[in-house]
Amino acid sequence: MAAARELREALYRLVVDTVAARAPRRADVEAVNEAAAGPDLVPRLAEDGGGLSLRRPAGPGGGGAALATVARDAVTLLGGPLAGRVKECGNPGCSLLFLDDSQARRRRWCSMDRCGNLAKIAGYRTRARRP
Ligand SMILES: [Zn+2]
């Protein structure tokens with residue numbers, strides 16, 4: 001659990017630094033690279049309702065492999081062309097980060113069901129209070 005928390009915090013700082021166009025902290029880069037260096041979860045195909053789906057079952061001692069998989073995904077994301085699409089949620093009360101995969105690249109909320117609807121409701125109430 002301690003390793004998972006350390007990786008989570010390093011990843012969060014790296015993503016926030018990336019979004020803010022700040023130089024990353026060397027310790028965070030090293031922590032992610034170290035976690036990514038381990039063997040990751042083995043991808044497996046599973047038959048799923050007549051189709052196939054990707055599964056990554058954690059075997060014995062799979063915790064470290066799960067962290068390696070997360071770290072490798074982060075390396076691919078932050079070191080690749082999609083890094084510029086990572087954003088912070090537009091809700092000031094939300095600290096979630098998300099990948100804007102919308103075609104127009106104008107997504108503002110981590111989730112429409114969560115923060116987008118809250119913003120719509122707040123906007124409606126503000127407009128309704130005006131005379
Ligand atoms: Zn949000």
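Tabulated data for the structure shown
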quantity: Span-rule helices in the chain, defined as complete DSSP H runs reaching 20 Å or more along the axis (Cα) with Kyte mean at least 0.0; calculated: 2-19, 62-78
quantity: Net lengthening on full extension, residue 99/residue 1 (0.36 nm per residue, minus Cα-Cα); calculated: 32.7 nm
quantity: Gyration tensor (alpha-carbon) shape descriptor, the range 26-78, a/c threshold 1.5; calculated: oblate
quantity: For the chain, cysteines whose Cβ has no other cysteine Cβ within reach (under 4.7 Å); calculated: 115
quantity: Dimensionless Rg/Rh of the chain - Kirkwood Rh, Rg from C-alpha atoms; calculated: 1.08
quantity: Estimated [θ] at 222 nm from DSSP helical runs (n ≥ 4, -39500 (n - 2.57)) normalised by residues in the chain, nearest 500; calculated: -14500 deg cm²/dmol
quantity: Leading residue at positive end of dipole, the chain (Cβ point charges), from 110, 16, 54; calculated: 110
quantity: Scattering profile of the range 85-131 at q = 0.27 Å⁻¹ [log10 I(q)/I(0), Debye over alpha-carbon scatterers]; calculated: -0.94
quantity: Sorted by Cβ density within 10 Å, fewest first, the residues 12, 124; calculated: 124, 12
quantity: Likely footprinting exposure, 18, 69, 76, 126, fewest C-beta neighbours within 10 Å first; calculated: 126, 76, 18, 69
quantity: Contact order normalised by residue count of the chain, Cα under 8 Å, 6+ apart, percent; calculated: 18 percent
quantity: ³J(HN,Hα) computed for each position of the range 88-103 - Karplus, 6.51 cos²θ - 1.76 cosθ + 1.60, integer Hz, glycine/proline x; calculated: 8, 4, x, 7, x, x, 10, 10, 6, 10, 8, 9, 7, 9, 6, 5
quantity: Residues with amide H under 5 Å from that of residue 109, placed H, sequence gap 5 or more; calculated: 90
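Only the coordinates and a few stated rules stand behind these numbers; no lab work does. Small disclaimer: the values here were computed from a predicted structure and weren't measured. When we count neighbours, we look across all protein chains shown, and the Cβ atoms used for this are built from the backbone with ideal geometry, even at glycine.
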